[in-house]
Amino acid sequence: MDTGVHFAVRLRLFLLGGVILLTLLQVGFQPEPTLTITFGGDVILGRDGQTIFSEDPWGAMTPDGSLTGGDQNWFLVNLESPLGSTTSDTNANGEGYNLCSPSDEAEILKIGGVDIVSVANNHQGDCKESVDLSQAIDGLRVVSEEQPVILESPAGTVAIVAVDAILKPLDMDSLLASVAELKAKSDVVIVSLHWGMEYAGEPTPLQRQQAKQLANAKVDVLWGHHPHVLQPAEWVEAENGSHRMLALYSLGNLLTDQTMTYETRHSALVQLQFIGGEINQLSFQPLVLSRRNGILALDSPTDAEAVCIADRLGWAEIMESFSNNHAREIGN
């Protein structure tokens, strides 16, 4: 082979090898994809077919979009108000009041950047004919008892299953079977549970027992609602020590007209970042419902209110346990 040709071949191979090495180095230093999920509490948009909010109620939550913006950020709420044209003739929820909301209130969910609503609750039958929310809002996903939601992202697959345990007792065997099926094909499993006692500041012993069963089944997040007040969140460890679940027993009211006490006015959004199917970061935003000039909307709490909200959510304990657990993992 001619010396010049030989050198040219060697040079091309050298350059090709350099390109391959550079590509491998770039791939090796690419950060892992992340997924952020923001959990909110109860949303009540109407009563007896009449709207509650005449204007944009999101107030303090939406100016910078920090909690609801981004392609890999999903915002979940529990929608207590089905949307429809007429209220149901029966009070199937057993509480004597009807939360059916006018169908055009879907615009409020859109303004707030809501991506996913859970409708598995005791008011899902309050409208005679409910609007299909997934048709009313482009891209909105609806989680019902009949239909879990599977979400795909570069950071992994997320499965959300929802159950109403107010109109009927919680069928734990059925729920655990659903969890096992979803866990086999998902990186993150979230259980949305409508449960507990209204206006109670703590979950019941039975709820904590049920949370333990879900942690044993390797559920990643238990997202509870119905009490309409904040309850302390906690990490629940599986009995064999192989898994920890974050239990958000109740995040209180997010949007509602229940402003009779500070407990029902106080709320929080909890934001979780996942990497590789594991919770990597946590944050929360305290919120308070305020009525100014006759207009009801979310507002930023005072410093004293923010401290009260953090205490009621048990946020300091959540973060201390999270930090200690990460330190142990790094040490191992």
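The values are calculated or read from the model by the stated rules, or taken from the named source; none is laboratory data. Bear in mind that the values here come from a model prediction, so they are computed numbers and not experimental data. Don't worry about glycine lacking a Cβ; one is built from the backbone with ideal geometry, like all the others, and counts go over all protein chains shown.
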For the range 264-281, indicate whether the set of residues that are in contact with a strand residue (DSSP E or B) (Cβ under 7 Å, 6 or more places away or on another chain), surrounded by fewer than 16 Cβ atoms within 10 Å (Cβ to Cβ) and closer than 19 Å to G112 by Cβ is non-empty.
no
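Filter the range 132-152 for residues that are in contact (Cβ under 8 Å) with a residue 40 or more places away in the chain and surrounded by 18 or more Cβ atoms within 10 Å (Cβ to Cβ); which is nearest to A106 (Cα to Cα)? Talk me through it step by step, then tell me what you get.
As a first pass, look at the range 132-152 and keep what is in contact (Cβ under 8 Å) with a residue 40 or more places away in the chain: 133, 136, 143, 151.
Subsequent filtering for residues that are surrounded by 18 or more Cβ atoms within 10 Å (Cβ to Cβ) retains 133, 143, 151.
On the way: L133: 7, V143: 16, L151: 22 Å.
That would be L133.
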Filter pass, G113 being assigned to a loop (DSSP other than H, G, I, E, B) and surrounded by fewer than 18 Cβ atoms within 10 Å (Cβ to Cβ):
no
Residue in the range 215-232 that is at pLDDT below 95 and of a type in the set (G, A, S) present:
no
Do you know which of the residues in the range 213-226 that are within 20 Å of Q271 (Cα to Cα), outside any loop (DSSP other than H, G, I, E, B) and of a type outside the set (V, I, T) is farthest from the chain's Cα centre (by Cα)?
A215
Pairs with Cβ under 7 Å, 6+ apart, first in the range 222-235 and at negative phi, second surrounded by fewer than 24 Cβ atoms within 10 Å (Cβ to Cβ) and of a type in the set (S, T, N, Q)
V229/T264; W235/S321
Give the residues of the range 157-171 that are surrounded by fewer than 18 Cβ atoms within 10 Å (Cβ to Cβ) and either over 21 Å from H226 (Cα atoms) or among the hydroxyl-bearing types (S, T, Y) (or both), sorted by residue number.
T157
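Any idea which of T68, T36 is surrounded by 19 or more Cβ atoms within 10 Å (Cβ to Cβ), within 15 Å of the chain's Cα centre (by Cα) and modelled with pLDDT of 90 or more?
Details: T68 fails: modelled with pLDDT of 90 or more.
Checking each option against the conditions leaves just T36.
Restrict the check to the range 264-271 and report whether at least one residue is among the hydroxyl-bearing types (S, T, Y), in contact (Cβ under 8 Å) with a residue 60 or more places away in the chain and within 19 Å of V77 (Cβ to Cβ).
From the range 264-271, those among the hydroxyl-bearing types (S, T, Y) are 264, 267; that's our starting set.
With in contact (Cβ under 8 Å) with a residue 60 or more places away in the chain added as a condition, the list becomes 264, 267.
Restricting the remaining residues to those that are within 19 Å of V77 (Cβ to Cβ) gives 264, 267.
Within the range 264-271, one or more residues are among the hydroxyl-bearing types (S, T, Y), in contact (Cβ under 8 Å) with a residue 60 or more places away in the chain and within 19 Å of V77 (Cβ to Cβ).
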Give me the pairs: first residue in the range 302-330 and without any contact (Cβ under 8 Å) to a residue 40 or more places away in the chain, second residue buried (at least 17 other Cβ atoms within 10 Å of the Cβ) and assigned to a loop (DSSP other than H, G, I, E, B), beta-carbon distance under 7 Å, and six or more apart or on different chains, which are they?
none
Criterion first (crowded, with 16+ Cβ neighbours inside 10 Å and among the hydroxyl-bearing types (S, T, Y)) does S174 satisfy it?
no
